[in-house]
Structures are given as structure tokens and as C-alpha cells.
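Heads up, the thing below is written out as C-alpha cells.
The values are calculated or read from the model by the stated rules, or taken from the named source; none is laboratory data. Since this is a predicted model, take the numbers as computed values, not measurements. All Cβ positions, even for glycine, are placed from backbone atoms using ideal geometry, and neighbour counts span all protein chains on display.
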Amino acid sequence: MIKTFTPDDLIRYMYHETTDAEKAAIEQALVTDTDFAHEYRQLKTLMSSLETVKEEPSQKSVDAILAYSKSINLHSVPK
Amino acid sequence: MNNLTASDSQLMSLYRNGNEAAFEQIVKRHKSKVFTTIYLIVKDRYIAEDLLQDTFIKVVNTVKSGRYNEEGKFLPWVLRIAHNLAIDHFRKAKRYPTIVMEDGSHVFNTLSFADESAETEQIRKEVHHKLRKLIQDLPDAQKEVLIMRHYMKMSFQEIADVTQVSINTALGRMRYALINLRKSMEKYNIAYDKNLYP
């Protein structure tokens, strides 16, 4: 019997949340089902785009964090 | 031990014993993820900078008062703090709306790429800016799942637990977030270009 996968299955696969058996079955489907493979490529492209949305804080903020840490002595912060 | 290759757990262990260089390394390692998570929620670079500092101040206070629990993983913990602070701010801002004059385009995207032409750099900045705007404009429930799964690296089960919905609902929200993003990218002709993002 050919297992039909849902878009949610594909999302779980993309985020490495499938079981080993599901992963193997999905990878088999990606070889044999062109529509499913197309959906996979589109999703992968989108996720690659999401990876580009990375922001960097200013060095000033980082310096302020490190200076704060150095100004506080171990166990001097009230619990 | 080399701080560059040390695990988060090893760095935090060193920091608990007063090693400030270990803390510096862990801040450098995770500052972008923490800042991106906050920025996508609050939509304001200057507020995000403040909340980033607040997040790490909580980390410092927790560690230096001896309350840091080594059993948990550092990154999910610090991202949870950042997320909670950003949501708190967002809720307060909704109650007390303020007008923020912000251009900010000159400070977007400080990632540096070698050997890029000025034109390529400009296109990349524009795509980056538009995509971030599309994420920020998603419905709150969808944006929340997208940020938690993609940027905070929480599992769908963890997201379901935190947001008090079923895992299928969390997955469904993620699916709609991705569908909506894809539609918007097509609508506004925001292309993914492998030459820009290999």
C-alpha cells in the first residue's frame, strides 16, 4: 500500500521530527511522487529564505551585557 | 578547554565559577538568535536592543545568585526568557500605544559577505527587509509558532505545551504561516535567489 503523506508530515520531516520509519518512507515518496517532491522543494526554498532573516544586535548592547556581568560579583545578587 | 569549541553546558559551568570569558563566548554564540527572536516580535530595533540586554541581565542574575539549573539546556532557556520579555513588552505596547519614528534601513542586516558587489548587497538587503516584514505581518498565532519552531528551535510538542494547543493545531498554524509567507512572497515578487543565498 502506498502511504499518502500530509503537508504536516512534510513539515515535521523538514524539522527533523519524524521517526526513522517515517523518514525512510517520506524519502522514498520524494523519489516516486513528483508532486510531493515539488512541494518539498518549495518548502525547502522557503526555509532557506527564512534562514536569511537573521539580525545582529549592536556591539554596544553586547558590550553593555558583558560589562554588567563583570560588575556583578558571584552570589551577590539577591535570590 | 578551548572556549570556541566548548559546549554551552561547559561554558555555563565555567561561567558559574566566575569565568567571564566563557560568558562572553556564549553571548557571542547566541546573540543573533536571541536578538532575531525579539526583533521579529517587537518590530523595533531599539526596543529589541534593550530587551536583549534585559534578557542577558536575567541570565547573569540567575547564574550569579546560584540559581542556574544545569539540567536544562541553555539556548531554549534563554530564548524562553527573551520570548517572554518580548511578549510582555508587546502586550504593554498594545495597551499604551506609542508612535515610533523609525527608518532603520541603514542598520538592517549587519552580516558581512565578502566579494559582493554593491548592487547584489543592495538586492539582498531589500529581500531580507521585505521578508522580515512579511513574517512580522503574519497573524499572531502563526507568527508565534514560526518564531518558536524556526528561530527558537522548539519542537512542535514543546510549542503545543507552551501555547496550550494540540500538536496538530501547532503544526496547522506552522503550515498556514508557511503558505501565507509563500503567497505573500509571490504577490510581492520576492524571489529566492540561489546566487544571493547559496
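A:F5 versus (1) part of a helix (DSSP H, G or I); (2) more than 29 Å from B:K43 (Cβ to Cβ); (3) of a type outside the set (S, T, N, Q); (4) over 19 Å from the mean Cα position of the chain (by Cα): which is the lone unmet condition?
(1)
(1) at pLDDT below 70; (2) surrounded by 13 or more Cβ atoms within 10 Å (Cβ to Cβ); (3) in a loop (DSSP other than H, G, I, E, B): which one isn't true of B:P97, the others all being true?
Tallying (1) at pLDDT below 70; (2) surrounded by 13 or more Cβ atoms within 10 Å (Cβ to Cβ); (3) in a loop (DSSP other than H, G, I, E, B), B:P97 fails exactly one: (2).
Just to be sure I understand, how many residues within the range A:43-62 are within 7 Å of another protein chain (Cβ to nearest Cβ) and loosely packed, with under 15 Cβ neighbours inside 10 Å?
Keep residues of the range A:43-62 that are within 7 Å of another protein chain (Cβ to nearest Cβ), which gives A:43, A:45-46, A:48-50, A:52-58, A:61-62.
When the remaining residues are screened for being loosely packed, with under 15 Cβ neighbours inside 10 Å, the result is A:48.
Of the residues in the range A:43-62, 1 are within 7 Å of another protein chain (Cβ to nearest Cβ) and loosely packed, with under 15 Cβ neighbours inside 10 Å.
In the range B:1-60, how many residues are away from chain A (no Cβ under 12 Å), assigned to a helix (DSSP H, G or I), of a type in the set (G, A, S) and more than 21 Å from the chain's Cα centre (by Cα)?
1
Take the residues in the range B:40-81 that are without any contact (Cβ under 8 Å) to a residue 40 or more places away in the chain and aromatic (F, W, Y), then tell me which one is surrounded by the fewest Cβ atoms within 10 Å (Cβ to Cβ).
In this case the residue turns out to be B:W77.
If I ask for residues that are in contact with a helix residue (DSSP H, G or I) (Cβ under 7 Å, 6 or more places away or on another chain) and more than 8 Å from chain A (Cβ to nearest Cβ), which ones from the range B:170-189 would you list?
B:A170, B:R173, B:Y176, B:A177, B:N180, B:S184, B:Y188
Return a yes/no flag: does the range B:66-75 have any residue that is more than 24 Å from B:M154 (Cβ to Cβ), within 13 Å of chain A (Cβ to nearest Cβ) and at pLDDT 85 or above. Write out each step before concluding.
First, the residues of the range B:66-75 that are more than 24 Å from B:M154 (Cβ to Cβ): B:66.
Adding the requirement that they be within 13 Å of chain A (Cβ to nearest Cβ) leaves B:66.
Those left that are additionally at pLDDT 85 or above: B:66.
Scanning the range B:66-75, I find at least one residue that is more than 24 Å from B:M154 (Cβ to Cβ), within 13 Å of chain A (Cβ to nearest Cβ) and at pLDDT 85 or above, so the answer is yes.
Is it the case, given these coordinates, that A:A21 is among the hydrophobic types (A, V, I, L, M, F, W, C) and more than 7 Å from chain B (Cβ to nearest Cβ)? Spell out how you get there, then give the answer.
Numbers: among the hydrophobic types (A, V, I, L, M, F, W, C): yes; more than 7 Å from chain B (Cβ to nearest Cβ): yes.
The answer is yes for A:A21.
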